[in-house]
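A.B. asks: First, the structure itself, so that you have it in front of you.
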Ligand SMILES: [Zn+2]
């Protein structure tokens, strides 16, 4: 996943680290996420269970595992996180911007009904990427710009 430099979270574009661990359940490759992100995304009941630093997120849409820490043998499942994870199957709603709770449907509507073509235009219409705090709100801890762009692309093909 490459991060566009037109980022909402300030100057630094944080690239997820190298793939270095496989999901303990589905055995697919995961992506590193920061512990801060995990702490903010798990439900209150599990916050104290976030131990260790090396967290990964399972990118397999069919797998119920969200975060895992191989050293500590900890894993957090779909039902243990606060928000639906957009790339997991049956995510509902499917957020494009987690900071402002803008859904993929809203982005598509901005494109199809209001003629938006760029992330900037979508943001004006939907209020996405305002007061961004992707590190604590986005499940990957990275900017939502790319997800919004993908939703725009989807919307453009529907026109
Ligand atoms: Zn998995």
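A.B. asks: Check residue 35 against each of (1) crowded, with 17+ Cβ neighbours inside 10 Å; (2) closer than 28 Å to residue 23 by Cβ; (3) away from the ligand (no atom under 14 Å from the Cβ) and name the one condition it does not meet.
C.D. replies: With (1) crowded, with 17+ Cβ neighbours inside 10 Å; (2) closer than 28 Å to residue 23 by Cβ; (3) away from the ligand (no atom under 14 Å from the Cβ) applied to residue 35, the lone miss is (1).
A.B. asks: If I filter region 38-54 for residues that are in contact with a helix residue (DSSP H, G or I) (Cβ under 7 Å, 6 or more places away or on another chain) and within 15 Å of the ligand (Cβ to nearest atom), do I get at least one hit?
C.D. replies: no
A.B. asks: Can you tell me how many residues within region 18-32 are within 16 Å of the ligand (Cβ to nearest atom) and within 25 Å of residue 143 (Cβ to Cβ)?
C.D. replies: 9
A.B. asks: Spot the failing condition for residue 129; the list is (1) over 18 Å from the mean Cα position of the chain (by Cα); (2) in contact (Cβ under 8 Å) with a residue 40 or more places away in the chain, and only one is missed.
C.D. replies: Of everything listed in (1) over 18 Å from the mean Cα position of the chain (by Cα); (2) in contact (Cβ under 8 Å) with a residue 40 or more places away in the chain, residue 129 misses just condition (1).
A.B. asks: Please find, among 124, 112, 107, 142, the residue that is over 21 Å from residue 33 (Cβ atoms) and buried (at least 20 other Cβ atoms within 10 Å of the Cβ).
C.D. replies: 107
A.B. asks: Here is a further query. Which of (1) assigned by TED's automatic domain parsing to the domain that holds residue 58; (2) free of Cβ contacts under 8 Å to residues at least 12 places away in the same chain does residue 115 not meet, given it meets every other one?
C.D. replies: (1)
A.B. asks: Which ranges mark the strands (runs of 3 or more DSSP E) fully within region 55-151 that have 3 or more residues being within 16 Å of the ligand (Cβ to nearest atom)?
C.D. replies: 55-58, 65-69, 74-77
A.B. asks: Separate question: Six or more apart or on different chains, Cβ under 9 Å: which pairs go from a residue in region 14-30 that's under 20 Å from residue 134 (Cβ atoms) and modelled with pLDDT of 85 or more to one that's near the ligand (Cβ under 7 Å from one of its atoms) and not in a loop (DSSP other than H, G, I, E, B)? Could you list them?
C.D. replies: 30/58; 30/65
The values are calculated or read from the model by the stated rules, or taken from the named source; none is laboratory data. Small disclaimer: the values here were computed from a predicted structure and weren't measured. Using ideal geometry, Cβ is built from the backbone for each residue, glycine included, and neighbour counts are taken over all protein chains shown.
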